[in-house]
Ligand code: SF4
């Protein structure tokens, strides 16, 4: 095994700017410093940078919405190179939604503009005395109070106002909306109108710091270590990225998956009560219908030839939402569509638009709305509570609920405005017994567009995710969809664990590089992914060395969670998957089995070199990964909410 400290690095590594800004919003100071080449080599960028900074600089047990939380912006070595999908950035902090490691990644123009401005990493602490925004404009860094101009503004208006102010339509703006200002645990960050750093409440952390926006623009170029070889390989990758490997994302966008997952009984319907839907079977709610009837434009992020972003338009004759535009992704087709039993496309678009503009994660928002529909169906909440009816299949009332949930107003806002976990707690405090069982989340993060009843491998993959219920921390859903293992059974626990670990490690690299997961398939293999890194940075890399770094990054963020109070019980899917079987489709009668699930979970822990009972990394594993500094520092701080 190659431990990264064995790999020599020069003082200056290419690709990276090696510039870190430390921003103290309480004092209004901004300090510039140099990131060492060793730090770049060991932590790659994005997720890796975020994991190391949070481990080093965040005091365990802090309130995620206090000035003591640390908010990290990071990108990798690739923005502004011609590598496909590389204009990406990540944000990291202790999550108000989970009380654990928070991270969200977005695309658009931000990564590229931040790179042109010459920075790699920003660490933000404290709280501004009033609502403010941060500007990184080449070598000018400053904080601007904006209480009078931007307070209460939506993300779309905020971006436009700031671009007008700078007289520059290319200004990259990461903004929060009113939901972030009120510190909703669901709050996201929006940039380039249609792109969101959505998950784990990173917008709430910005709101808690009185930070309305971060703006970037710059003029600096990027040098790569071996330009001739890099451009040769990058051009080949661009060609592949324009071919069959990504055709479905270009043609139908991510909703291409609706039909295939529905056939397997894996597409969640009515708050995960079912996994197949007649509205998909009959062609009403499919990627094809969406594209034929509603999509008017496809949009690409900077440095991307795939253009997976599909923009829908509601026609001007629509009675409720004329001329509405929304960026549609499969996750929202699930969250505000099938999970809410809603096959009315304009309602889906309206809810997406509310989330993106007013600033909450549209996955979590839709899953929280689905919980409310489900509670309404069972009479746990009523018209008297809400002021209107909210059965599955609601349209105008679903949009009304969504607006109230985002704004924090009314019963919907007070109970559901911070997501499913808090909604369950609040309803149970009001005597609504068992309300928490309607919340489809893991560790507090609402589930993505997979139904786990007949997905025994992904039940583990989604549950072990360090940021909570997520399909982007590992690709274990592919093991179930492709039939790599018996998806209704629980055999080959360690073998499955190794496969889950392998996708998790390489996803950690993808999110550290940072590139889109859609482009994972354009690389011939991990060795080619490593080669690209080496050609840009000059840091020697192999398939083995990048996978070890992915393993180390994953382990470090896991250790962050342990320090915040994580236990094995947190790696568990919602009870519904064990107790309530599908009534139709290929998974009719199927539930997860607790003993089988626990067997697979222990197999995954074993594959990772973690204690199979507690799920805590052993000292030997930490040493092997060069994480010696973690040993002896894993005592829980009791800060998990
Ligand atoms: S694949 Fe989609 S999200 Fe990724 S960079 Fe391209 S347009 Fe943006």
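Derivation of every value follows stated rules applied to the coordinates shown; laboratory data play no part. Predicted, not measured: the structure shown is a model, and the values here were computed from it. All Cβ positions, even for glycine, are placed from backbone atoms using ideal geometry, and neighbour counts span all protein chains on display.
Things to note:
- Over segment 191-296, the ratio between the Cα radius of gyration and 2.2 N^0.38 Å evaluates to 1.59.
- Segment 372-427 - Rg (one decimal) and Dmax (whole number), Cα, Å: 10.1, 27
- Alpha-carbon centroid distance for the pair segment 260-277 / segment 211-256, whole angstrom: 33
- Per-q log10 I(q)/I(0), segment 516-604, q = 0.16, 0.21, 0.23, 0.25 Å⁻¹ (Debye; single scatterer per alpha-carbon; no solvent): -0.90, -1.01, -1.07, -1.16
- The rule of thumb for compact globular proteins, 2.2 N^0.38 Å, goes into the C-alpha radius of gyration of segment 1-119 1.11 times.
- With neighbour counts taken as other beta-carbon atoms within 10 Å, the residues 39, 92, 458 rank, fewest first, as 39, 458, 92.
- Stokes-Einstein, applied to the Kirkwood radius of the chain over Cα pairs at a viscosity of 1.306 mPa s and 10 °C, places its translational diffusion at 65 µm² s⁻¹.
- Shape box of segment 428-512 [Cα atoms, principal axes, largest first, Å]: 45, 33, 21
- With neighbour counts taken as other beta-carbon atoms within 10 Å, the residues 89, 334, 477 rank, fewest first, as 477, 334, 89.
- The spacing between segment 382-399 and segment 49-106, judged by their C-alpha centroids, is 36 Å.
- Intensity falloff of segment 275-326 expressed as log10 I(q)/I(0), Debye formula with alpha-carbon point scatterers, at q = 0.17, 0.26, 0.29, 0.30 Å⁻¹: -0.68, -0.97, -1.02, -1.04
- Cα→Cβ-extended label distance, 7 Å offset, between residue 5 and residue 414, nm: 5.6
- Solvent-free Debye calculation, one equal scatterer per alpha-carbon of segment 268-386: log10 I(q)/I(0) at 0.19, 0.22 Å⁻¹ equals -1.08, -1.31.
- Approximating the spin labels as points 7 Å out from Cα along Cα→Cβ, the residue 164-to-residue 425 distance works out to 4.0 nm.
- Every pair of different Cα atoms in segment 128-284 enters the Kirkwood calculation, which places the hydrodynamic radius at 19.1 Å.
- The eigenvalues of the Cα gyration tensor, multiplied by 5 and square-rooted, give segment 209-269 an equivalent ellipsoid with semi-axes of 35, 26, 9 Å from largest to smallest.
- Of every Cα-Cα pair in segment 240-303, the percent that sits beyond 19 Å: 40
- With the convex hull of the Cα atoms taken as the outline of segment 168-215, the averaged projected area works out to 3.1 nm².
- Our helix-only sum for the chain, with -39,500 (n - 2.57) per DSSP H run of n ≥ 4 divided by its residues, gives a mean residue ellipticity at 222 nm of -11000 deg cm²/dmol.
- In Å, descending, principal axis extents of the Cα set of segment 437-584: 54, 36, 26
- Using distinct alpha-carbon pairs, which all enter the 1/r mean, Kirkwood radius of segment 37-97 in Å: 12.6
- Counted by neighbouring Cβ atoms within 10 Å, the residues 186, 554, 625, 447 run from fewest to most as 625, 554, 447, 186.
- Ratio of the Cα radius of gyration of segment 64-126 to 2.2 N^0.38 Å, where N counts its residues: 1.22
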